[in-house]
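Novice: Pasting a structure here, questions to come.
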Amino acid sequence: MKRRTLLQAGAAGLTPAASITLAGAAHTGREVLALTQGWRFHDGDIPFPKILGHGWTYGSAKAGNAQGAAAPDYDDSDWPLVNLPHDFAASQPIEQAANVAQGYRRRGMAWYRQSIRFEPEDRGRHLELQIDGAATHATVWFNGTLVHHNFSGYNEMAIDLTPYATFGDALNTLVVRVDAVAMEGWWYEGAGLYREVRIVKRAATHIVTDGVFAHPVKRPEGWVIPIEVTVATLADKTQPVTVECELQDARGSHAKASVRAQVPLLRQAVAKLQIKHDKPELWSPASPHLYRVVTRVLQGGQVLDETTTPCGFRTQHFDADRGFFLNGQPLKIQGVCIHQDHAGVGVAVPPALIDFRLRRLKELGCNAIRASHNAQDRAFMDACDRLGFLVMAENRLFNPSPQYVKQQLKWLVRRDRNHPCVFMWSVFNEEPMQGTEGGYEMVRRMREVVRDLDTSRPVTAAMNDGLFTPLNVSHALDVLGFNYQQDQYDAVHKARPKLPLMSSEDTSAFMLRGYYGPRDDKRHLIPSYDDDAADWGATHRKAWKAIAERPFIAGGFVWTGFDYHGEPTPYEWPSNSSVFGIMDLCGFEKTAFHIHQAQWVHDRPVLALAPHWNWPGREGQPVKVMVCSNLDEVGLELNGRLLGRQSVDRWTMNHWQVPYEAGTLRALGWKAGRLVAKAQVETVGPPTALRLVADRSSLRGDGVDVVPVRVEAIDAQGRAHPLASSMVQFRIEGGEIIGLGNGDSNSTEPEKGDRRSLFHGLAQVIVRSTAGGTGELKLSAAAEGLQGTSISLALTPAAAPRQQATGTSVQLLQWWQRAPQQATAPDPQLQPPPQDMNSWQGFQAGGLLPAATAPGYVLCAINHTPYSRIRREGGWVEALSVTGRCEVYSNGTLLGRKTEAASAPLRLRLPPGEGQRRLAFVFQVEAGEKVGLGGVVRVRV
Ligand code: GAL
């Protein structure tokens, strides 16, 4: 009994008997395969069964025997299919009963299941599952064995599947249980498999994940890249290999080096080598020149594995009096803090949308980003390298315990230390222990963890208190980050003159995009004039002034670049997103955008004015006008009349009180006495039509690329109306809408679907191509009383990312019983006689039965209860290799027959119906003939 339970529960582990050769397996080279399509998803928890009885208990304690929804043969046939990235909180309604901090979105538990097919050629390769992010806690099972526990929604998981994998027709079952009841932040964190998931197949001897460290350093004798390559092997003896590195950029190859290494069995070896470059082009935010290091592992001249690592040449240092220096030049950090979410998609932000957000920040004149308060997506780091942003990389949980450090801090530094964009490691944000001896001890340890892996960037932390206690975390930091506390800058600099200082977070000012009326605490409206800030913060202008005026403050990070879901401040329900952003949730600019441009952009004229000029009923009354510019002088004209000219004040911006009169309000900007810029707002007529403006005119037809489209209402002259609020209905062909937004922090409209109202004249639709898309993607918009419109985006043919082969819900039928051979055709419903434990024999599908001694009939049968969808709709019995002539019955009804003896697959329709079935193969045999079920037998939808 005990043994039987064990065997049955382990049924998915169908390992063919062939011996496994690891060393020198035929397959070399690396394959990276997306695992993003067709996950079976269950919203909510599925409790584990209450295990009773000794046999069951004994069996459930064994590898491969996970129970409940973690079991390989769990019935998931009715689960809906989802594609990744998938944030299941983003589809939840915004409801008051949910947590305000998380944007009033219900969180909770969920299960994801996937069937993976590895090919026989994959045998002997290293098979790794990479989950880039799962919010929040995750448990992962593979073929019924628990293979990973993860405790943060922000780190990646790299899970070795090799020991448990099966090959060929026996599919592998991957199960992820996500616990998004758990939270790590006080902002919207999303839920589920919200980043990419992939399978990476490498040779048995290979470079481990994030196993190359190649960050250039400038030594007195010139630039060198000290490189460390970690190679592992699954082979059964030490592997001699050559590790080769090549420095390349868009222009070609620049230098090469190689070294020999011995990789001991099932262990890792670190190969060290160096590459020199006499005159590299330097990386900086203004000129982000990128190189790459291509690393290969070779054996006998054959490339076993190859990987590419980003690389940029630059120096950096902090000076306690003069701030930050990049490549020997002072560079004031003009930074923003961001969270990772965006309108419509929650935290499942595709790379093209990350790119869009960063391009918006580039336009702003921002040169640095604080990844507050957690690791970001790989695509984000790559884009920061490419577009030129310095990144303050941040660890989420303040905890030096080995488990946390391994999964989070070490992982973060190992993953990101090659990125030229990373210039600081932050170990925490605002931790209550910051002023204590305990906090100091924790930081001291965490700093050493970082320094073991990278000594080229300083370790910092974002402190909002405890600055003057006798022993506080700043005593263990390389750079002190101030969160707010701007009135302490001078005192801390005086008390700690050798400690470099920086504002890790400041501002926290409030602005509702497009709103310029009076502050209205009842309706949760805060004007966009930069007059309102949190008690602990300051307006954009004041916060930057405090930083800009002090050379010893290396720069700052505005809270925040974009509004984000959750943490609505200063109001709560129905407000559900923050209004701290320089831009709103969609990336539409607020007045803060122009303020920072005026302060941060140095290489082109900036001139902008606020508010809009539609104030019917306010004729003759003064309207406050703000002009933002980086020029010398600005002037204002109303309907052609000059209202005045002022010297530009880049700290406060320039202001006028203008008695309202419909028409054109124009700002003029002079540089060195020359008129170089004009900007204007106009009184526009009533909206008559809709307009769609795509961020790009084409997108790749790969099912991954996305484009945000701006929706506006225009008047008869084609001018956008600043106050339009129509509900807009969308229709899409050749693609799909993945989310919608309008930047209104008080709106509880869903962000999924096909309709969204304009807020202060604007909304955003995010469209995605479908895989294999060609021709055009067409988006149409309609609204009551307005002329509809549509745009077409060209779909450029592009291969979808290569996907790991997967399968549908499959029930494997493994453990069969065989009746003693009969002389005449037996009843297919034949059962072993009661109490007879001996005359029938059990066997496992996957081989042939012993040769028949005489002509006759052999009945092989199994009991099974089809999955619910098959019980409802019917399904298929698939026997992938049947040898011999036979008839196949289900509950005594003939499903089909095989008339040839040679082995062949059988695929037979299984009718719907409730309850348990008995599937029987009745073979007709000749003396000496071998028949049987040589391959997998399964029932599938
Ligand atoms: C800071 C905190 C941020 C955010 C901000 C809002 O104290 O670090 O995460 O909460 O306040 O002003």
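The values are calculated or read from the model by the stated rules, or taken from the named source; none is laboratory data. Since this is a predicted model, take the numbers as computed values, not measurements. All Cβ positions, even for glycine, are placed from backbone atoms using ideal geometry, and neighbour counts span all protein chains on display. Side chains included, ligands, DNA and RNA excluded: accessible areas come from the protein's heavy atoms. Shrake-Rupley method; radii C 1.70, N 1.55, O 1.52, S 1.80 Å.
Novice: Looking at this structure, is Arg260 over 31 Å from the mean Cα position of the chain (by Cα), under 19 Å from Leu304 (Cβ atoms), open to solvent by 60 Å² or more (accessible area, probe 1.4 Å) and modelled with pLDDT of 95 or more?
Specialist: yes
Novice: If you take the residues of segment 155-190 that are closer than 16 Å to Ala375 by Cα and open to solvent by 10 Å² or more (accessible area, probe 1.4 Å), which of them is nearest to the ligand (Cβ to nearest atom)? If you could, list the steps in order and put the result at the bottom.
Specialist: Going residue by residue through segment 155-190, those that are closer than 16 Å to Ala375 by Cα are 155-158, 183-190.
Still in the list and also open to solvent by 10 Å² or more (accessible area, probe 1.4 Å): 156, 158, 183-186.
Working: Glu156: 23, Ala158: 29, Met183: 13, Glu184: 12, Gly185: 8, Trp186: 6 Å.
Among those that are closer than 16 Å to Ala375 by Cα and open to solvent by 10 Å² or more (accessible area, probe 1.4 Å), it is Trp186.
Novice: Go through the residues of segment 482-498 one by one and say whether even a single one is in contact with a helix residue (DSSP H, G or I) (Cβ under 9 Å, 6 or more places away or on another chain), farther than 30 Å from Asn746 by Cα, outside any helix (DSSP H, G or I) and within 16 Å of the ligand (Cβ to nearest atom).
Specialist: Among the residues of segment 482-498, at least one is in contact with a helix residue (DSSP H, G or I) (Cβ under 9 Å, 6 or more places away or on another chain), farther than 30 Å from Asn746 by Cα, outside any helix (DSSP H, G or I) and within 16 Å of the ligand (Cβ to nearest atom), which makes the answer yes.
Novice: Name, by its number, the condition in (1) in contact with a strand residue (DSSP E or B) (Cβ under 6 Å, 6 or more places away or on another chain); (2) open to solvent by 20 Å² or more (accessible area, probe 1.4 Å); (3) closer than 29 Å to Trp283 by Cβ; (4) not hydrophobic (A, V, I, L, M, F, W, C) that does not hold for Thr230.
Specialist: (2)
Novice: Only one residue in Gln92, Gln114 is buried (at least 19 other Cβ atoms within 10 Å of the Cβ) and without any contact (Cβ under 8 Å) to a residue 24 or more places away in the chain. Which one?
Specialist: Residue meeting the stated conditions: Gln92.
Novice: Right, something else. Tell me, which residue of segment 586-595 that is open to solvent by less than 10 Å² (accessible area, probe 1.4 Å) and either over 24 Å from Arg710 (Cβ atoms) or not hydroxyl-bearing (Ser, Thr, Tyr) (or both) is nearest to the ligand (Cβ to nearest atom)?
Specialist: Step by step, filter segment 586-595, then rank; the result is Ala592.
Novice: Going by the structure shown, is Asp210 in a strand (DSSP E or B) and in contact with a His (Cβ under 9 Å, 6 or more places away or on another chain)?
Specialist: no
Novice: For Arg447, indicate whether it is free of Cβ contacts under 8 Å to residues at least 24 places away in the same chain, open to solvent by 10 Å² or more (accessible area, probe 1.4 Å) and away from the ligand (no atom under 16 Å from the Cβ).
Specialist: Judged against the criteria, Arg447 is not a match.
Novice: Considering every residue within segment 370-392, establish whether at least one is part of a loop (DSSP other than H, G, I, E, B), within 16 Å of the ligand (Cβ to nearest atom) and either of a type in the set (Gly, Ala, Ser) or surrounded by fewer than 19 Cβ atoms within 10 Å (Cβ to Cβ) (or both). Explain how you work it out, then say what you get.
Specialist: Filtering segment 370-392 for residues part of a loop (DSSP other than H, G, I, E, B) gives 372-377, 388-389.
Cutting the leftovers down to within 16 Å of the ligand (Cβ to nearest atom) gives us 372-376.
If we keep only those that are either of a type in the set (Gly, Ala, Ser) or surrounded by fewer than 19 Cβ atoms within 10 Å (Cβ to Cβ) (or both) as well, we get 372, 375.
Looking through segment 370-392, at least one residue is part of a loop (DSSP other than H, G, I, E, B), within 16 Å of the ligand (Cβ to nearest atom) and either of a type in the set (Gly, Ala, Ser) or surrounded by fewer than 19 Cβ atoms within 10 Å (Cβ to Cβ) (or both).
Novice: Also, I was wondering about something else. In segment 731-760, which residues are open to solvent by less than 50 Å² (accessible area, probe 1.4 Å), farther than 24 Å from Pro570 by Cα and assigned to a loop (DSSP other than H, G, I, E, B)?
Specialist: Matches in segment 731-760: Gly734, Gly753.
Novice: Residues of segment 645-667 being open to solvent by less than 20 Å² (accessible area, probe 1.4 Å) and more than 28 Å from Arg710 (Cα to Cα), which ones?
Specialist: If the condition is that a residue be open to solvent by less than 20 Å² (accessible area, probe 1.4 Å) and more than 28 Å from Arg710 (Cα to Cα), then Met653, Asn654, Val658, Tyr660 are the ones that fit.
Novice: Please find, within segment 542-567, the residue that is farthest from the ligand (Cβ to nearest atom) out of those that are open to solvent by 10 Å² or more (accessible area, probe 1.4 Å), touching a residue at least 24 places away in the same chain (Cβ under 8 Å) and assigned to a loop (DSSP other than H, G, I, E, B).
Specialist: Pro551
Novice: Could you list all residues from segment 513-541 that are within 16 Å of the ligand (Cβ to nearest atom) and either in contact with a His (Cβ under 9 Å, 6 or more places away or on another chain) or free of Cβ contacts under 8 Å to residues at least 24 places away in the same chain (or both)?
Specialist: Result: Asp530, Asp532, Ala533, Asp535, His540.
Novice: Now, a different point. Quick one: which of Phe318, Phe324 is open to solvent by less than 10 Å² (accessible area, probe 1.4 Å) and over 30 Å from Pro708 (Cβ atoms)? Don't jump to the end; show me each part of the working.
Specialist: Values: Phe318 fails: open to solvent by less than 10 Å² (accessible area, probe 1.4 Å).
Being open to solvent by less than 10 Å² (accessible area, probe 1.4 Å) and over 30 Å from Pro708 (Cβ atoms) holds for just one of Phe318, Phe324, which is Phe324.
Novice: Just to be sure, is Val627 of a type in the set (A, V, I, L, M), in contact (Cβ under 8 Å) with a residue 40 or more places away in the chain and open to solvent by 20 Å² or more (accessible area, probe 1.4 Å)?
Specialist: No; evaluated as a whole, the condition is false for this residue.
Novice: Working only within segment 497-518, note down all residues that are open to solvent by 20 Å² or more (accessible area, probe 1.4 Å) and either touching a Leu at 6+ places or on another chain (Cβ under 7 Å) or under 22 Å from Leu331 (Cα atoms) (or both).
Specialist: Pro497, Lys498, Tyr515
Novice: Just give me the residues in segment 127-146 being open to solvent by 10 Å² or more (accessible area, probe 1.4 Å) and under 21 Å from Ile207 (Cα atoms), in sequence order. I'd like the intermediate steps shown before the answer.
Specialist: Step one: of segment 127-146, the residues open to solvent by 10 Å² or more (accessible area, probe 1.4 Å) are 128, 130, 137, 139, 141, 143, 145-146.
Matches in segment 127-146: Glu128, Gln130.
Novice: If you don't mind, there's one more thing I want to ask. Of (1) in contact with a Leu (Cβ under 9 Å, 6 or more places away or on another chain); (2) part of a loop (DSSP other than H, G, I, E, B); (3) of a type outside the set (Asp, Glu); (4) surrounded by 23 or more Cβ atoms within 10 Å (Cβ to Cβ), Gly124 satisfies all except one. Which?
Specialist: (4)
Novice: Next question, about the same structure. For segment 288-301, state whether one or more residues are aromatic (Phe, Trp, Tyr), without any contact (Cβ under 8 Å) to a residue 12 or more places away in the chain and in contact with a Leu (Cβ under 9 Å, 6 or more places away or on another chain).
Specialist: No: zero hits.
Novice: Could you tell me whether any residue of segment 44-52 is at pLDDT 95 or above and under 20 Å from the mean Cα position of the chain (by Cα)?
Specialist: no
Novice: Sticking with this structure for a sec: What's the number of the condition Pro722 fails, among (1) surrounded by fewer than 23 Cβ atoms within 10 Å (Cβ to Cβ); (2) touching a strand residue (DSSP E or B) at 6+ places or on another chain (Cβ under 7 Å)?
Specialist: (2)
Novice: What is the residue count in segment 263-289 for residues that are farther than 25 Å from Glu31 by Cβ and either open to solvent by less than 80 Å² (accessible area, probe 1.4 Å) or assigned to a loop (DSSP other than H, G, I, E, B) (or both)?
Specialist: Here the count works out to 16.
Novice: Could I ask something else about it? Would you check which residues across segment 568-583 are within 16 Å of the ligand (Cβ to nearest atom) and either open to solvent by 10 Å² or more (accessible area, probe 1.4 Å) or assigned to a loop (DSSP other than H, G, I, E, B) (or both) and list them?
Specialist: Answer for segment 568-583, where residues must be within 16 Å of the ligand (Cβ to nearest atom) and either open to solvent by 10 Å² or more (accessible area, probe 1.4 Å) or assigned to a loop (DSSP other than H, G, I, E, B) (or both): Pro568, Thr569, Pro570, Tyr571, Glu572, Ser575, Asn576, Ser578, Val579, Phe580, Gly581, Ile582.
Novice: Next up: Scan segment 596-616 residue by residue and report those that are open to solvent by 10 Å² or more (accessible area, probe 1.4 Å), within 21 Å of Ala720 (Cα to Cα) and assigned to a loop (DSSP other than H, G, I, E, B).
Specialist: Matches in segment 596-616: His612, Asn614, Trp615, Pro616.
Novice: Do we find that Leu777 is within 16 Å of Gly701 (Cβ to Cβ), touching a residue at least 40 places away in the same chain (Cβ under 8 Å) and of a type outside the set (D, E, K, R) in this structure?
Specialist: When the stated conditions are applied, Leu777 passes them.
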